Amino acid sequence: MIAISIAGFDPSGGAGILSDLKTFSALGVYGTGVITALTAQNVQRVSSILPIESDFIEEQIDLILEDLPVIYGKTGMLYSKEIIKSVSKKISEYDLKIVVDPVMVAGSGGSLSKEGMASAIKKYLLKEALIVTPNVFEAELLSGINIETQEDAIDAAHKIGKICDVVVTGGHLDGDNILYNGQISVISGELIESNNTHGSGCSFSAAIAAYMSKGTEMETAIKKADIFVKESIKHGHWGTLNQFWKNK
Ligand code: PXL
């Protein structure tokens, strides 16, 4: 099994493409990685971003797909409308089955995107996606709905779900994930009190892609990814997750 992560580079190793590759590896999947942007950051703050030229991003994707039979993958930080358009075009060209993590802001609060990202993600990327995995804040930006309760999250999931399947992640919803894939399911989970959450959104989307590349159907992949991330948070250090995991 092979998966692809198309995402930004967080040198702290907690989030972004390093975290995705650790997740793929922990779940027994061979990971490939296309870098969309470099960042200078740690768990506390983002200080600089250096986006990669979109032609070069397209070339990275072309060279991987020229050689390797990749079907499943995920996107993370895409930073600009231009990069979103390039990546969306390539997903369509290669018919990739992609889990979209609509990254806009780092856990530390630092921005990881230019303005207008939510509308570019909706306009270009979600049409090509298998599923999108917003947290509450990202779901608000994608749906235009202010989310305070589980009912609000369900409304937002219905709205986003008109474009592709969606799971609104539960870190801000008492641990419950709200899935819309033609119908709403509340996947109830425990909420873990921990500071080791930097990169949890990255790992969640990467784990869904990894499980699906191993043949698991989507809803089960989401449940297993949720368990994987929670175990990783429990065993994390230094504000980040520990994705060590005996292949289950
Ligand atoms: O967690 C979202 C995220 C995604 N991608 C990169 C990041 C972060 C958060 O810090 O740095 C590169």
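Taking the Cα centre of the chain as reference, the dipole from Cβ charges on Lys and Arg (+1) and Asp and Glu (-1) amounts to some 280 debye.
Rounded to the nearest 5, what % of the DSSP beta bridges within the range 2-241 are antiparallel ones? Mind dumping the intermediate values first?
Numbers: 15 of 35 bridges.
If I count the DSSP bridges inside the range 2-241, around 45 percent turn out antiparallel.
Compared with the rule-of-thumb size 2.2 N^0.38 Å for a compact globular protein, the chain has a Cα radius of gyration ratio of 0.90. Whole-Hz Karplus values for the range 9-15 come out as 9, 9, x, 6, x, x, 10 Hz, taken residue by residue from phi with 6.51 cos²θ - 1.76 cosθ + 1.60 and θ = phi - 60°; glycine and proline positions read x. Overall shape of the range 112-248 was characterised from the C-alpha gyration tensor. The equivalent ellipsoid obtained from it has semi-axes of 23, 17, 15 Å, in decreasing order. Using the average count of surrounding beta-carbon atoms within 10 Å as a protection proxy, the listed peptides 124-136, 74-86, 186-198 rank, highest first, as 74-86, 124-136, 186-198. Between the amide H of Val34 and those of Ser5, Ile6, Ala7, distances stay under 5 Å, these residues lying 5 or more places away or on another chain, with hydrogens modeled in the peptide plane.
Order by neighbour count: Tyr180, Tyr94, fewest other Cβ atoms within 10 Å first, most last. Can you show the working numbers first?
On the way: Tyr180 22, Tyr94 17.
By the 10 Å Cβ count, ascending, the order reads Tyr94, Tyr180.
In this structure, the residue pairs whose Cα-Cα separation is over 28 Å, taken from Lys85/Lys230; Lys74/Lys114; Lys159/Lys223; Lys159/Lys224, are Lys85/Lys230. Entry note, the chain: relative contact order of 19 percent, from Cα contacts under 8 Å with a spacing of 6+ residues.
FYI, it's all coordinate maths here, none of it is from the lab. Computed from a predicted structure; not experimentally measured. All Cβ positions, glycine included, derive from the backbone under ideal geometry; neighbour counts span all protein chains shown.
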